[in-house]
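Computed from the coordinates by the stated procedures, all read-outs in this text should not be read as laboratory data. Just so you know, these numbers come straight off a predicted model, no measurement behind them. Positions of Cβ are generated from backbone atoms using ideal geometry, with glycine treated the same way; all protein chains shown enter the neighbour counts.
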Amino acid sequence: MTGATITGWAAALPPTVVTNEDMTTLFETSDEWIVERSGIRTRRAASGPFVDPQPPTHPEGGFGTTASLATEAGRKALQHAGVDPADVDMLVLCTTTPDQLIPATSSATSAALGIGGGAMDINAACAGFTYGLVTATGLIGAGMRRVLLVGAETLTRATNWADRTNAFLFGDGAGAVVLEAVPGDGSLLGWDLGVDGTLVPLLYADHGSGMAMRGPEVFRQAVRATVASATASLERAKVASEDIALFVPHQANIRIMDAAASRLGIPSDRIVSVIDHTGNTSSASIPLALVEAAESGRLRAGDLILLAGFGAGMTWASAVWRWGNSR
């Protein structure tokens, strides 16, 4: 039997920092109002009213594209793992903001990195990274040796900057992990994936328009879906919430994160939160939080971590992962 473990990780953020005070120049709001409702103080932007025009779509053209952010995070994660890009069997790029309708953004990212194997996009919105983690683990179980998994978004390109109800929520960024094959069961102990397509009207963006969101209903559904999915993953992993060292939720809203943790019985000091300085980065949010936890020393070998999130669709996904299995 072959399992998967994480051997390298990295993050990439655009250089432009957009503060809540910046938002007050677009519509009537305040720093206090935004922080109280979301927990966000700043976010990074690759496009939008606070960013100078970026070069055309190209992975080497600055941080104005999803591919450029994915390439930077992927390159650094491979370096951290000591893996040559030519030895990667598959690039899995999780994004809901591809650079083009056709082809997949993973194609350009793969070329920029020099990946030796295949590449594909996964679009499960904000649940995308955990969808990708389960998929990558399955690919390794099927015989692959190394998979580069990236969550990357340029949500500012899909933001309606005139909508004061949600424009302050979104930011850009990328996080990446390298998964490698190990003997035995590996690090994935339990998982749960799902979608309720009847809830599509709650959160969506049509081609050429910004995001539309029914906030109160999204909040209610998000907490319900996150808790139900996380509970299913814990049961499949045969562990309890008190066994979880860190809870790494999708960074959508601090109130959603706190509510989900409370209902799961996970203390607030075990939540990994980066939302105050990244905002909601969709499929990039969980890897950005995971990388920060790893870099800050909050993760130790053998720790159990619970990843959980929800997204437009509405999708949901969760996984229990044991940190630090050796190759």
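Miscellaneous remarks
- Sequence ranges 67-75, 35-43, ranked by mean other-Cβ count within 10 angstrom, highest first: 67-75, 35-43
- Most mobile listed residue (Phe170, Phe27, Phe63) in the chain, GNM with C-alpha springs under 10 Å: Phe27
- For the chain: relative contact order, % (alpha-carbon pairs under 8 angstrom, 6 or more apart): 25 percent
- For the stretch 83-143 versus the stretch 263-321, the inter-centroid distance based on Cα atoms is 20 Å.
- Dipole size of the stretch 14-132 about its Cα centre, with +1 on Lys/Arg Cβ and -1 on Asp/Glu Cβ: approximately 160 debye, rounded to the nearest 20.
- For the stretch 2-183, share of DSSP beta bridges that run antiparallel, in % to the nearest 5: 70 percent
- The ranking of Tyr131, Tyr204 from fewest to most other beta carbons within 10 Å of each one's beta carbon is Tyr204, Tyr131.
- The stretch 270-325: C-alpha gyration tensor shape, a/c 1.5 cut-off, then a/b vs b/c: oblate
- Point-charge dipole on Cβ atoms (K/R +1, D/E -1) for the chain, about Cα centre, debye to 20: 580 debye
- Farthest toward positive dipole pole in the stretch 206-317 [+1 Lys/Arg, -1 Asp/Glu at C-beta], among Thr281, Val227, Phe247: Val227
- Two-site FRET efficiency, Phe219 against Thr42, from Cβ-Cβ distance with R₀ of 25 Å, rounded to 0.05: 0.70
- The stretch 152-214: relative contact order as a whole-number percent, Cα under 8 Å and 6+ apart: 36 percent
- The listed peptides 20-26, 117-123, 225-231, ordered by packing as a protection proxy, come out as 225-231, 117-123, 20-26 (highest mean of other Cβ atoms within 10 Å first).
- Highest mean first, the peptides 209-218, 81-90 sorted by other C-beta atoms within 10 Å per residue fall in the order 81-90, 209-218.
- Charge sum, other residues only, whose C-beta stays under 11 Å from Ile266's C-beta, Lys/Arg counted +1 and Asp/Glu -1: -2
- From helices alone, the chain scores -9500 deg cm²/dmol at 222 nm; the rule is -39500 (n - 2.57) for each run of n ≥ 4 DSSP H residues, then divide by the residue total.
- The stretch 188-322 shape via C-alpha gyration tensor axes, a/c threshold 1.5: prolate
- Beta bridges by DSSP in the chain, antiparallel share as percent, to the nearest 5: 70 percent
- Ranking of Thr109, Thr137 by neighbouring Cβ atoms within 10 Å, starting from the fewest: Thr137, Thr109.
- Here the Gaussian network model covers the chain, with springs between Cα atoms less than 10 Å apart; of Leu179, Leu199, Leu93, Leu199 fluctuates the most.
- Counting only whole DSSP H helices of the chain, the ones at least 27 Å long by C-alpha along their axis and with mean Kyte-Doolittle hydropathy no lower than 0.0 are 215-237.
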